[in-house]
Amino acid sequence: MATKKGIIVTIIILVAIAAGSSVLWIFPQNHGSSVVVTDFGNEIEGVKERHALIMSAMDSNLKSMLNKTLSPDDFVVMAQTSSSQVTSLISELIESNPPTEWRESYLNYDEALKKYNDYLAETVSFANKIKSGVSPSDISGEMSKLDSLKNETDSFIAKSDAAKP
């Protein structure tokens, strides 16, 4: 038969376990992952290669949309996916925390990626205009705006390359 003292000790132990578990559940431990970069030249080149793949795919998709072999809706989905990928590349550059000698190159490439995201946003707007029926003269104006954003992207990429140690 259980004694009063044994029941009280058991209850205290159960309360302590429950309280300890609750504290860990309420206040989760921060085990965020971090990336440690040691070769900053290869890091930026890797980002540059992935960015080039995204740009190539979107150029092809834009041509397909203009040739009416790709619907504007499908193009928008692809552009939004590409924008998400570019945003991940931006985060990767920021989180790598480059040393002083690499900082200017990284900042310029970060700007190139941001300009390219602006370009992607404009292509989405353009696709929506095509969907609603745009005149050929408007297409020409939109294409020149897109070319301008792409040229700005290329300019920042060149500045990034020039700033490499």
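Please treat every number below as a calculation from the coordinates, not as lab data. Just so it is clear, the structure is predicted and the values come from calculations on it, not from any experiment. Neighbour counts are summed over all protein chains in view; Cβ atoms, including those assigned to glycine, are modelled from backbone coordinates with ideal geometry.
So which residues in the range 102-128 are of a type outside the set (Asp, Glu), touching a Phe, Trp or Tyr at 6+ places or on another chain (Cβ under 7 Å) and over 20 Å from residue 56 (Cβ atoms)?
102, 108
Tell me which residues, restricted to the range 84-96, are of a type outside the set (A, V, I, L, M, F, W, C) and in contact with a Phe, Trp or Tyr (Cβ under 9 Å, 6 or more places away or on another chain).
96 - this is the single residue of the range 84-96 that is of a type outside the set (A, V, I, L, M, F, W, C) and in contact with a Phe, Trp or Tyr (Cβ under 9 Å, 6 or more places away or on another chain).
From the list 78, 65, 55, exactly one residue is under 14 Å from residue 112 (Cβ atoms), surrounded by 12 or more Cβ atoms within 10 Å (Cβ to Cβ) and not β-branched (Val, Ile, Thr). Which is it?
55 is the lone residue from the list that is under 14 Å from residue 112 (Cβ atoms), surrounded by 12 or more Cβ atoms within 10 Å (Cβ to Cβ) and not β-branched (Val, Ile, Thr).
Checking residue 71 against (1) among the small types (Gly, Ala, Ser); (2) surrounded by fewer than 14 Cβ atoms within 10 Å (Cβ to Cβ); (3) touching a helix residue (DSSP H, G or I) at 6+ places or on another chain (Cβ under 8 Å), which test does it fail?
(2)
Within the range 146-153, identify whether any single residue is within 16 Å of residue 75 (Cβ to Cβ), surrounded by 14 or more Cβ atoms within 10 Å (Cβ to Cβ) and in contact with a Pro (Cβ under 7 Å, 6 or more places away or on another chain), and answer yes or no.
no
Any chance the range 68-77 includes a residue that's closer than 17 Å to residue 151 by Cβ and either of a type in the set (A, V, I, L, M) or touching a residue at least 12 places away in the same chain (Cβ under 8 Å) (or both)?
Checking the range 68-77: not a single residue is closer than 17 Å to residue 151 by Cβ and either of a type in the set (A, V, I, L, M) or touching a residue at least 12 places away in the same chain (Cβ under 8 Å) (or both).
Of all residues in the range 115-153, which are within 19 Å of residue 52 (Cβ to Cβ) and touching a residue at least 24 places away in the same chain (Cβ under 8 Å)?
115, 116, 117, 118, 119, 120, 123, 146, 149, 150, 152, 153
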